[in-house]
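Trainee: One structure, pasted below without further comment.
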Amino acid sequence: MDLPWPPSLNRIWRSKGKVVYRDPKYVRWIDQAGWLAKLGKHQQVRGEFSATIVLNPPNKRKIDVDNRVKVLLDLAQRVGLVEDDCLCRLLVVSYGGKDAAPLGARLTISSFVT
């Protein structure tokens, strides 16, 4: 599944005084990515799963790939691709170009087989 470039985990929550809320940019990303995921009509992977993530950053800035992983796996759970993201048993994350992740990120989920 091809998804827009995910926000950093460090940027999804904001606070104002004692109030903690989701960053509006994150909420927009969830909406956009969620629609793309639902349009693809993917079937849910039940139970343990493996995930392969290819990232195509929008610029040359240094990024921590692990800050993007949680956001993508949370989305997979939110849209029903997986039952629970804690069931991920194998995770492969890499960088790729426009062919590998044309919108910024490609997430591939499959059943985990031991």
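Where a number appears in this text, it was derived from the coordinates with a stated rule and is not lab data. Keep in mind it's a predicted model, so treat the numbers as computed, not measured. Glycine gets a Cβ as well: all are built from the backbone with ideal geometry, and neighbour counts include every protein chain shown.
Trainee: How many of the residues in segment 9-48 are on the phi > 0 side of the Ramachandran plot and in contact with a helix residue (DSSP H, G or I) (Cβ under 9 Å, 6 or more places away or on another chain)?
Mentor: Keep residues of segment 9-48 that are on the phi > 0 side of the Ramachandran plot, which gives 17, 41, 47.
With the extra rule that they be in contact with a helix residue (DSSP H, G or I) (Cβ under 9 Å, 6 or more places away or on another chain), the set shrinks to 47.
Within segment 9-48, residues that are on the phi > 0 side of the Ramachandran plot and in contact with a helix residue (DSSP H, G or I) (Cβ under 9 Å, 6 or more places away or on another chain) number 1.
Trainee: Going through segment 82-99 one residue at a time, which ones are under 17 Å from Ala37 (Cα atoms), surrounded by 13 or more Cβ atoms within 10 Å (Cβ to Cβ) and over 11 Å from the mean Cα position of the chain (by Cα)? Even if it seems obvious, please write down each step before you answer.
Mentor: Let us first name the residues in segment 82-99 that are under 17 Å from Ala37 (Cα atoms), namely 82-85.
Those still in the list that are surrounded by 13 or more Cβ atoms within 10 Å (Cβ to Cβ) too: 82-83, 85.
Correct list: Val82, Glu83.
Trainee: For the subset of segment 1-51 comprising residues that are in contact with a Lys or Arg (Cβ under 8 Å, 6 or more places away or on another chain) and closer than 14 Å to Val82 by Cα, which member is surrounded by the fewest Cβ atoms within 10 Å (Cβ to Cβ)?
Mentor: Gly34
Trainee: Let me ask something additional. Could you please find all residues in segment 64-80 being closer than 16 Å to Ser50 by Cα and not in a helix (DSSP H, G or I)?
Mentor: Gly80
Trainee: Quick test for you: out of Ala105, Ala101, Ala51, pick the one residue that is part of a loop (DSSP other than H, G, I, E, B) and either touching a residue at least 40 places away in the same chain (Cβ under 8 Å) or among the basic types (Lys, Arg) (or both).
Mentor: On the way: Ala105 fails: part of a loop (DSSP other than H, G, I, E, B); Ala51 fails: part of a loop (DSSP other than H, G, I, E, B).
Residue meeting the stated conditions: Ala101.
Trainee: Within segment 52-64, restricting attention to residues that are surrounded by 15 or more Cβ atoms within 10 Å (Cβ to Cβ) and out of contact with any Phe, Trp or Tyr (no Cβ under 8 Å at 6 or more places or on another chain), which residue is farthest from Leu3 (Cα to Cα)? Let's see the steps before the verdict.
Mentor: First, pick out the residues of segment 52-64 that are surrounded by 15 or more Cβ atoms within 10 Å (Cβ to Cβ): 53-57, 63.
Subset that is out of contact with any Phe, Trp or Tyr (no Cβ under 8 Å at 6 or more places or on another chain): 53, 63.
Numbers: Ile53: 10, Ile63: 18 Å.
Among residues in segment 52-64 that are surrounded by 15 or more Cβ atoms within 10 Å (Cβ to Cβ) and out of contact with any Phe, Trp or Tyr (no Cβ under 8 Å at 6 or more places or on another chain), the one farthest from Leu3 (Cα to Cα) is Ile63.
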